[in-house]
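Notes for the one structure printed next.
The values are calculated or read from the model by the stated rules, or taken from the named source; none is laboratory data. Given the structure is predicted, the values throughout are model-derived calculations rather than measurements. No Cβ is skipped: glycine too gets one built from the backbone with ideal geometry, and neighbour counts run over all protein chains shown.
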């Protein structure tokens, strides 16, 4: 789905889990996404996407995930994804894995929201407050995992009244190309626009001087 119409409100970039655990070769989650990252060009597209927003002075909001030892051991109702992460101590607070990947880390003028604990970033962080403080009504959502945190956060943003663009080549799902196509079909129902990095950076807000 491509619809290049935009609003006049500022556009903000929400980047989810751009951390070593997922994007660095030594990360615990990286092997499960390596093939799709290479097929889609995810890391390179994320770099270009972030650079495009910074070049135009549009805000970028970074949302990392991390869990403390107390959360690993005392989380009461664990879902399947919790078991996967907790049993492997993924996204451990204070660890190298929970740090931002050096190519996808916040810089001057960027916003780092509180670490999220659920798939929907809005549910357990100050993202909504940070967006509203800056007058952002249109969000572009990218990062990982495409079928979990990215999808859940985009759905929540839509339901909260934001205009939502999902950047389909700056994320990846679990699984291969079939999972990717299924993900895009769901994106078309959730988002106002589903665009590639190049398509988004060619829209009117990025051309405006």
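Name every residue in region 72-88 that is surrounded by 12 or more Cβ atoms within 10 Å (Cβ to Cβ) and assigned to a loop (DSSP other than H, G, I, E, B), in order of residue number.
Once the filter is applied, which keeps residues that are surrounded by 12 or more Cβ atoms within 10 Å (Cβ to Cβ) and assigned to a loop (DSSP other than H, G, I, E, B), region 72-88 yields 75, 78, 88.
Would you pick out the residues in region 30-54 that are out of contact with any helix residue (DSSP H, G or I) (no Cβ under 8 Å at 6 or more places or on another chain) and either touching a residue at least 60 places away in the same chain (Cβ under 8 Å) or under 23 Å from residue 14 (Cβ atoms) (or both)?
Within region 30-54, 32, 35, 41, 44, 51, 53, 54 meet the criteria.
Please state which one of 169, 193 is crowded, with 16+ Cβ neighbours inside 10 Å, touching a residue at least 60 places away in the same chain (Cβ under 8 Å) and within 17 Å of residue 43 (Cα to Cα).
169
Under the condition of being part of a helix (DSSP H, G or I), in contact with a strand residue (DSSP E or B) (Cβ under 6 Å, 6 or more places away or on another chain) and at pLDDT 95 or above, which residue from region 89-130 is farthest from residue 26 (Cα to Cα)?
Among those that are part of a helix (DSSP H, G or I), in contact with a strand residue (DSSP E or B) (Cβ under 6 Å, 6 or more places away or on another chain) and at pLDDT 95 or above, it is 130.
Taking region 53-71 as the search range and keeping residues that are more than 30 Å from residue 198 (Cβ to Cβ) and surrounded by 17 or more Cβ atoms within 10 Å (Cβ to Cβ), which one is modelled with the lowest pLDDT?
67
Of the residues that sit in region 1-25 and are part of a loop (DSSP other than H, G, I, E, B) and at pLDDT 95 or above, which one is surrounded by the fewest Cβ atoms within 10 Å (Cβ to Cβ)?
25
Starting from region 126-145, keep only residues that are without any contact (Cβ under 8 Å) to a residue 24 or more places away in the chain and on the phi < 0 side of the Ramachandran plot, then list their pairs with residues that are surrounded by 16 or more Cβ atoms within 10 Å (Cβ to Cβ) and part of a loop (DSSP other than H, G, I, E, B) whose Cβ atoms are within a distance under 8 Å, requiring at least 6 positions of separation or different chains.
126/113
A quick yes/no check of all residues on (1) under 19 Å from residue 149 (Cα atoms); (2) at pLDDT 95 or above; (3) within 18 Å of the chain's Cα centre (by Cα):
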position: 174; (1), (2), (3): yes, no, yes
position: 184; (1), (2), (3): yes, yes, yes
position: 193; (1), (2), (3): yes, yes, yes
position: 202; (1), (2), (3): no, yes, no
position: 205; (1), (2), (3): no, no, no
position: 209; (1), (2), (3): no, no, no
